[in-house]
Amino acid sequence: MASEGLAGALADVLGGGGPRVQSCDSVPAEELVVPVRLRRNVCYVVLAVFLNEQDEVLLIQEAKRECRGSWYLPAGRMEPGETIVEALKREVKEEAGLQCEPLTLLSVEERGPSWVRFVFLARPTGGILKTSKDADAESLQAGWYPRTSLPTPLRAHDILYLVELAAQYCQQASHPLILPQELPCSLVCQRLVATFTSIQTVWVLVGTTGMPHLPITACGFTPMEQRGGMKMAILRLLQECLTLHHLAVETKGLLGLQHLGKDHTDGICLNVLVTVAFRDQGIQNEPPKIRGENFFWWKVVEKDLQSQLLQRLQESSVIPVNR
């Protein structure tokens, strides 16, 4: 792929899309990489935050025995064969009685690659709000409550951060509207937009195996990679081509993600914006030296792409990833 092809791929990823995953540049050495399957080795959860014009939040009252009567945001586990958006719409309909439309991903949460939660800002498009007389195994009822005065008890307080994140996004969007791209993927993996910047110049790490491309690292399921979270797969790939002890590596967040869920393709690819910098804060005009022949630094010279990258980096205009 010539620089024009790289520029097109980078533009797609910055726009929330990206090419289909064909292969990985880094895989865990200590385990056999096999396709992931829901209910076997991965669990995906969807969660929706609804805010109306009265600054009220949609909550559901839990029916499950272990948390019966407590309140939470509409959420639940994805089922095999579903897209992420299909799962979100199903859970909201089952728990709140409403049809809905997701507006954007708000955040992605992970406990290692085997458990990932996709948090959306959404809006209702129809249906009838579930009342106590409609109680079933999915929920007891649903209701709108003031954002600053939520009902108690809450099933868990992790939703407080998500509600505030949604409110902040509604007041001032921190990243573009982004929804999952429906492309098949067999693994849990990450496509890196790994950047090095000097004064108004940006370099991006490129893999050379096959056609030049944005590198992809497969997430492992060993205890160490589970405990360390998805950043472990990023560090593994970077360790294969850079000397990291004098470098600072930071995962800024997501530019988008890919998933399909059809035909047993339960994997996901997260497009991750990463910064690489020298720990010595002195001015460095060139990126760190690459070891080996599998990667190189590509200098982004296309002005629009360069300004987009710098803006996303300087404003942290990405979907946050939380552990």
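The values are calculated or read from the model by the stated rules, or taken from the named source; none is laboratory data. Everything quoted here is computed from the prediction, not taken from an experiment. Cβ placement follows ideal geometry from the backbone for every residue including glycine, while neighbour counts extend to all protein chains displayed. Surface areas here come from the heavy atoms of the whole protein model, side chains and all, with no ligands, DNA or RNA. Shrake-Rupley method; radii C 1.70, N 1.55, O 1.52, S 1.80 Å.
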When restricted to L205, L177, L192, L214, the only residue in contact with a strand residue (DSSP E or B) (Cβ under 7 Å, 6 or more places away or on another chain) and not assigned by the TED database to the domain that holds E30 is L177
Checked against (1) buried (at least 17 other Cβ atoms within 10 Å of the Cβ); (2) under 17 Å from the mean Cα position of the chain (by Cα); (3) not small (G, A, S), L242 satisfies every condition except (2)
L105 fails exactly one of (1) in contact (Cβ under 8 Å) with a residue 60 or more places away in the chain; (2) exposed (fewer than 14 other Cβ atoms within 10 Å of the Cβ), namely (2)
Regarding the stretch 260-267, can at least one residue be identified that is touching a strand residue (DSSP E or B) at 6+ places or on another chain (Cβ under 6 Å), β-branched (V, I, T), assigned by the TED database to the domain that holds T201 and over 13 Å from A194 (Cβ atoms)? no
Per the filter on the stretch 150-176, residues within 21 Å of the chain's Cα centre (by Cα) and among the polar types (S, T, N, Q) are Q168, Q172, S174
When K289 is run through (1) open to solvent by 60 Å² or more (accessible area, probe 1.4 Å); (2) closer than 29 Å to W115 by Cβ; (3) of a type in the set (K, R), the failure sits at (2)
**Message:** Could you go through the stretch 264-280 and let me know if any residue there is touching a Leu at 6+ places or on another chain (Cβ under 9 Å) and aromatic (F, W, Y).
**Reply:** yes
Per the list (1) open to solvent by less than 10 Å² (accessible area, probe 1.4 Å); (2) within 24 Å of G16 (Cα to Cα), residue check on T201 breaks on (1)
Q: Please indicate, with yes or no, whether at least one residue in the stretch 83-95 is over 26 Å from D263 (Cβ atoms) and of a type in the set (V, I, T).
A: no
Residue hits (the stretch 226-239; touching a residue at least 60 places away in the same chain (Cβ under 8 Å) and either crowded, with 22+ Cβ neighbours inside 10 Å or outside the structural domain of Q284 (by the TED database) (or both)) are M230, A233, L237
Checked A75, A48, A29 against criteria (in the same structural domain as A233 (by the TED database) and small (G, A, S)); the one match is A29
For the stretch 151-177, pairs from a residue that is in contact (Cβ under 8 Å) with a residue 12 or more places away in the chain and over 30 Å from A63 (Cα atoms) to a residue that is among the acidic types (D, E) and loosely packed, with under 13 Cβ neighbours inside 10 Å, with Cβ under 8 Å and 6 or more apart or across chains, are S174/E315
